[in-house]
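In what follows, a single structure is set out as structure tokens and then discussed.
The values are calculated or read from the model by the stated rules, or taken from the named source; none is laboratory data. All figures in this text were calculated on a predicted structure; none of them were measured in a lab. We place every Cβ from the backbone using ideal geometry, glycine too, and count neighbours over all the protein chains shown. Surface areas here come from the heavy atoms of the whole protein model, side chains and all, with no ligands, DNA or RNA. Shrake-Rupley method; radii C 1.70, N 1.55, O 1.52, S 1.80 Å.
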Amino acid sequence: MAVIVSELEELQLAVLELKRELNAIIVAHNYQRPEVQDIADFTGDSLELARRCVGTEAEVIVFCGVRFMAETAAILNPFSTVLLSHPDAGCPLADMIDVETLGEWKESYPQASVVAYVNTTAAIKAESDFCCTSANGVEVVNAVPAEEILFIPDWNLGHYVSTKTDKKMILYPGFCYVHDRITAEQVELARQRYPQAKVLVHPECRPEVIDLADAALSTSQMLRYAKQSSDEVFLIGTEEGILHPLRKQNPEREFHIITSDFICADMKKTTLEMVWETMQTRSNVVTIPEETRTRARQSIDRMLEIT
Ligand code: 13P
Ligand code: SF4
């Protein structure tokens, strides 16, 4: 009997073949397109992907996500070549603070320790004391040996952390355009449609949205929450890519996105074709000057030691 292989399957097989040739691993963020997540060795949130990349023996790490994430992999693995799945996949939030501006803020708050959300460039991490992710922001801030924290660059996450700590938090006014545009009214409307649903939102959402939710969680924390919960219906307040693993891991449950336009354009730049092309041409190599890399690594290592 003839086996019919679809174009998608052919492409998936070609990517897997290149993976063997390059001695590569493919990692993908939970926001990536379903077909990209499906060919990855590991999927996860920013914290999990950072952890997974530590000490890998793969010669090449193909990072399906956005630039700051691939930079984190490169910081942690100087002996692997890191390829970013699309040359222009950036994070507008990470680009909201530059080294000069951070320097001015540090001068204004000389007592404060700088805690940088992982959604920052390597150069910013190099100028920061600690790194954190959405999964461990509270834990990191509480563990920092300083009473004053300059939290950069996401002020919604910073505000959320400030509700869980006694420390004085100075918040830099950056935001993620994808999460910040969701309103409390939209959450209320979604709740009216699904009154029995548990509402899970990302801490990059505004405070009034988080106040209406049952939990504020990183993407992988949402996956764990749904798996352990006895609830059957969930309203999800983060980028729609997370619906793929949520539904795959919990086929008997219902997941609805709070608004249909919950889409990060940069995360969606990576297609399976792009992954293949990047690997085939070994392009989009992420390089970080060694001095920046070692200083940025310190802030990430301090986070990994805490969590
Ligand atoms: P996670 O912290 O869940 O990985 O999310 C990263 C991100 O970019 C959120 O917009
Ligand atoms: Fe950056 Fe927001 Fe996209 Fe996350 S969802 S990568 S924070 S722009």
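The residues on offer are R297, R282, and the sole one that is open to solvent by 10 Å² or more (accessible area, probe 1.4 Å) and out of contact with any helix residue (DSSP H, G or I) (no Cβ under 6 Å at 6 or more places or on another chain) is R282. Quick check, is V66 under 19 Å from V286 (Cβ atoms), within 12 Å of ligand 1 (Cβ to nearest atom) and open to solvent by less than 30 Å² (accessible area, probe 1.4 Å)? Criteria met by V66. None of A24, A94 is within 23 Å of T219 (Cβ to Cβ) and crowded, with 17+ Cβ neighbours inside 10 Å except A94.
Is it the case that some residue within region 219-229 is within 16 Å of ligand 2 (Cβ to nearest atom), out of contact with any His (no Cβ under 6 Å at 6 or more places or on another chain) and β-branched (V, I, T)? Looking through region 219-229, at least one residue is within 16 Å of ligand 2 (Cβ to nearest atom), out of contact with any His (no Cβ under 6 Å at 6 or more places or on another chain) and β-branched (V, I, T). Identify all residues within region 172-201 that are farther than 22 Å from V114 by Cα and within 14 Å of ligand 2 (Cβ to nearest atom); write none if there are none. Within region 172-201, Y177, V178, H179, D180, R181, I182, V201 meet the criteria. Just one of the listed residues (E277, E239) is open to solvent by 80 Å² or more (accessible area, probe 1.4 Å) and either within 16 Å of ligand 2 (Cβ to nearest atom) or without any contact (Cβ under 8 Å) to a residue 24 or more places away in the chain (or both), and it is E277. For region 26-84, the set of residues classified as in contact (Cβ under 8 Å) with a residue 60 or more places away in the chain, assigned to a helix (DSSP H, G or I), within 14 Å of ligand 2 (Cβ to nearest atom) and not charged (D, E, K, R) consists of S46, L47, A70, T72, listed by residue number. Scanning region 214-248 for residues that are among the aromatic types (F, W, Y) and closer than 17 Å to A190 by Cα gives a single hit, F234. When region 137-153 is filtered for residues that are touching a residue at least 60 places away in the same chain (Cβ under 8 Å) and either open to solvent by less than 40 Å² (accessible area, probe 1.4 Å) or among the hydroxyl-bearing types (S, T, Y) (or both), the ones remaining, listed by number, are G137, V140, P153. Within region 127-153, being part of a helix (DSSP H, G or I) and within 16 Å of ligand 2 (Cβ to nearest atom) holds for one residue alone: G137.
Sub-7 Å Cβ pairs linking a first residue in region 288-307 that is on the phi < 0 side of the Ramachandran plot to a second residue that is open to solvent by 80 Å² or more (accessible area, probe 1.4 Å) and β-branched (V, I, T), at least 6 apart or interchain, number zero. Within region 161-176, residues that are more than 19 Å from I97 (Cα to Cα) reach partners that are within 16 Å of ligand 2 (Cβ to nearest atom) and open to solvent by less than 30 Å² (accessible area, probe 1.4 Å) with beta carbons closer than 6 Å, at six or more positions or on different chains, in the pairs V161/G137.
For region 154-203, what are the residues that are open to solvent by 40 Å² or more (accessible area, probe 1.4 Å), touching a Phe, Trp or Tyr at 6+ places or on another chain (Cβ under 7 Å) and part of a loop (DSSP other than H, G, I, E, B)? Answer for region 154-203, where residues must be open to solvent by 40 Å² or more (accessible area, probe 1.4 Å), touching a Phe, Trp or Tyr at 6+ places or on another chain (Cβ under 7 Å) and part of a loop (DSSP other than H, G, I, E, B): P173, F175. Exactly one residue among S134, S108 is open to solvent by 10 Å² or more (accessible area, probe 1.4 Å) and closer than 20 Å to A70 by Cβ, and that residue is S134.
Among the residues of region 211-232, are any over 30 Å from N23 (Cβ atoms), within 16 Å of ligand 1 (Cβ to nearest atom), open to solvent by 40 Å² or more (accessible area, probe 1.4 Å) and not in a helix (DSSP H, G or I)? No, because not a single residue in region 211-232 is over 30 Å from N23 (Cβ atoms), within 16 Å of ligand 1 (Cβ to nearest atom), open to solvent by 40 Å² or more (accessible area, probe 1.4 Å) and not in a helix (DSSP H, G or I).
Looking across region 30-53, the residues that are open to solvent by less than 10 Å² (accessible area, probe 1.4 Å) and in contact with a Cys (Cβ under 7 Å, 6 or more places away or on another chain) come down to Q32, V36.
Checked against the criterion of being in contact with a Leu (Cβ under 6 Å, 6 or more places away or on another chain) and at pLDDT 95 or above, the candidates M274, M279, M267 yield just one match: M279.
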